[in-house]
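Peer 1: Let me give you the structure first, and then I'll get to my questions.
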Amino acid sequence: MTQVSVLRLYALRAAYLLIVVGLGIEIWPGILHHEKPWALMQGVVYCVLAAVSALAVLGLRYPLQMLPLLFFELVWKSIWLLVVALPLWSANQMDARTSETATACLMGVIFLVVIPWPYVFANYLLKPGDRWR
C-alpha cells in the first residue's frame, strides 16, 4: 500500500474544510430557512450539496476513506464545465451567473493537487476489487 504523508493528509483535511465552510455558508442557510417551496431541480441541488457538505465533515476525520467524495466533486464540476460552461463560453453567451458558477467549479483544480494520486492508483485501480460472492 502507498503511504500518504501527514502533510498530504492535512491538505486533504483543508479541502474537506473548504467544502464544509463554503457549502455551509452558501447552502445551509437556504436549507434551514427557506420560506416557500423550491422548484424540483432547485430542491434537488440544495439537498445534494447539503449532503456533500455533511459528508465532508467525515473527511476531516477520515481523509483517505472519504476520497470518493472528492472524486464526486471533481467529476461533476468537470462535466458541468465541459457540457454547460464551455459551449456557452465558446459562443460568447456566458451571463454573470454562469460565469460565477464556472469560476466556483474551476476551484475544483484544488482537488487535483491535494488528492494523493499514487494512493488512488494503488487502492482504487490496481488493488483487486471485493469479491462478488
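The values are calculated or read from the model by the stated rules, or taken from the named source; none is laboratory data. It should be emphasised that the depicted structure is a prediction, and the values quoted were computed from it without experimental measurement. Here the Cβ is made from the backbone with ideal geometry for all residues, glycine too, and neighbour counts use every protein chain on show. What goes into the accessible areas is simple: the full protein's heavy atoms, side chains included, and nothing from ligands, DNA or RNA. Shrake-Rupley method; radii C 1.70, N 1.55, O 1.52, S 1.80 Å.
Peer 1: In whole Å, what three semi-axes, largest first, describe the equivalent ellipsoid of the chain built from its Cα gyration tensor (square root of 5 times each eigenvalue)?
Peer 2: 29, 20, 15
Peer 1: With charges only on Cβ, +1 for K and R and -1 for D and E, what is the dipole size of region 1-102 about its Cα centre, in debye, rounded to 20? Before the final figure, lay out each step's value.
Peer 2: Details: 6 positive and 5 negative charges, 63 e Å.
Magnitude of the dipole: close to 300 debye.
Peer 1: Moving on to the next point. What accessible area, in Å² to the nearest ten, does a 1.4 Å probe give for Glu26?
Peer 2: Ignoring ligands and nucleic acids, Glu26 comes out at about 130 Å².
Peer 1: Can you tell me how region 1-72 classifies by the Cα gyration tensor, rounded, prolate or oblate, using a/c under 1.5 as the rounded cut? Mind showing how you got there, number by number?
Peer 2: Details: a/c = 4.14, a/b = 2.53, b/c = 1.64.
Prolate is the answer for region 1-72, as a/c is 1.5 or above and a/b outweighs b/c.
Peer 1: Projecting each Cα onto the charge dipole of the chain (Lys/Arg +1, Asp/Glu -1 at the beta carbon, about the Cα centre), which of Tyr16, Gly108, Ile27 comes out farthest on the positive side?
Peer 2: With unit charges placed on the Cβ atoms, the residue in question is Tyr16.
Peer 1: Shifting gears a bit: Averaging sequence separations of C-alpha pairs under 8 Å and six or more residues apart, then dividing by the length of the chain, give the relative contact order as a whole percent.
Peer 2: Relative contact order comes out at 36 percent.
Peer 1: Here's something else I'd like to know. Can you tally the net charge around Asn123? Count Lys and Arg as +1, Asp and Glu as -1, for every other residue whose Cβ sits under 15 Å from the Cβ of Asn123.
Peer 2: Taking every Cβ under 15 Å from that of Asn123, the sum is +1.
Peer 1: Students sometimes get this wrong: rank Trp132, Trp28 by accessible area, probe 1.4 Å, all chains present, largest first.
Peer 2: Descending accessible area places them as Trp132, Trp28.
Peer 1: With r defined as the distance between the Cβ atoms of Ile31 and Val4 and R0 fixed at 25 Å, what FRET efficiency is calculated, to the nearest 0.05?
Peer 2: 0.15
Peer 1: Still on this model: Leaving out ligands and nucleic acids, note down the accessible area per residue over the chain with a 1.4 angstrom probe, in whole Å².
Peer 2: That works out to 71 Å² for each residue.
Peer 1: Expressed in nm to one decimal, what extension gain is obtained for the pair Leu40 and Gln93 from 0.36 nm per residue of sequence separation less their Cα-Cα distance?
Peer 2: 16.5 nm
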